[in-house]
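Worksheet: one structure, shown below.
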Amino acid sequence: MKELSMHILDIAMNSVKAEAKLIEITVEDSIKNNSIKITIKDDGKGMSKEILENVANPFYTTRTTRKVGLGLSMLKEASERCNGYLKINSQLGVGTIVESFFERNNIDRAPLGNIADTILVIVNSLKNCNLIYNHVVDDNSFTISTQQLKEILGEVVISDSNVVMWIKEYVNENINDLYKN
């Protein structure tokens with residue numbers, strides 16, 4: 001994948017399929033420490049020990065529509081290519097945590113990509129699930145929560161086109177502000 005945001009989207013969609021009620025995504029971009037850490041945590045079905053042992057293998061998948069599962073294996077390879085790592089912790093009935101780490105200034109590191117569009121796709125895919133997105137740049141941070149947005153919106157649905165456009169602008173503006181400081 002050409003952007004890290006596509007990896008985030010892929011894993012978040014796995015969380016939606018795992019019937020998560022809450023997905024927490026954190027991007028920690030440290031210019032000071034020359035690192036980017038992406039953590040995606042959900043409270044979905046979780047994975048068995050057998051699946052967890054094989055999940056980063058591109059020729060292993062639990063899907064019946066195809067015989068390969070490239071998402072996590074591609075993220076693992078992208079992380080390791082940038083002097084980083086991929087860690088996956090999961091427990092059946094509890095959920096899954098995927099953590100990937102990248103050397104920030106590594107020539108092979110893909111750009112972060114369009115986080116606002118990624119958040120929009122995830123928000124529009126949520127049924128009975130909420131998303132918390134945290135973006136940290138050194139000592140500054142930004143958080144958006146669909147639960148809080150739903151409480152503010154009241155009767156207005158979060159997928160309303162005006163709300164969706166506002167979310168996109170809000171995410172873009174706040175992430176841009178993080179990098180200005």
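Read-outs: derived from the displayed coordinates by stated rules, not from any lab. Computed from a predicted structure; not experimentally measured. With ideal geometry, Cβ positions are generated from the backbone for all residues, glycine too; neighbour counts draw on all protein chains shown.
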Options [x] 19.8, 72; [y] 16.4, 47; [z] 19.0, 59 are given for Rg and Dmax of the Cα atoms in Å, and the computed one is [y]
In whole Hz, what ³J(HN,Hα) sequence does region 142-150 give by Karplus (6.51, -1.76, 1.60; θ = phi - 60°), x for Gly and Pro?
9, 9, 10, 10, 5, 4, 5, 4, 4
So how far apart, in nm, are the two label points at Lys180 and Thr143 if each is 7 Å from Cα heading toward Cβ?
2.3
Over region 100-181, consider all pairs of different Cα atoms and compute the Kirkwood hydrodynamic radius from their mean reciprocal separation; express it in Å, one decimal.
14.1
Counting Lys and Arg as +1 and Asp and Glu as -1, each charge on the Cβ, what is the dipole of the chain about the Cα centre in debye, to the nearest 20?
620
Which entries in Lys32/Lys76; Lys2/Lys45; Lys17/Lys168; Lys17/Lys127; Lys45/Lys127 show an alpha-carbon gap greater than 18 Å?
Lys32/Lys76; Lys2/Lys45; Lys17/Lys168
When the helices in the chain are scored as -39500 (n - 2.57) per DSSP H run of 4 or longer and the sum is shared across all residues, what 222 nm value do you end up with, to the nearest 500 deg cm²/dmol?
-12000 deg cm²/dmol
Give me the distance between the Cα centres of region 73-100 and region 135-153, rounded to whole Å.
23
Output ordering of 76-85, 30-39 (per-residue mean of other Cβ within 10 Å, highest first) is 76-85, 30-39
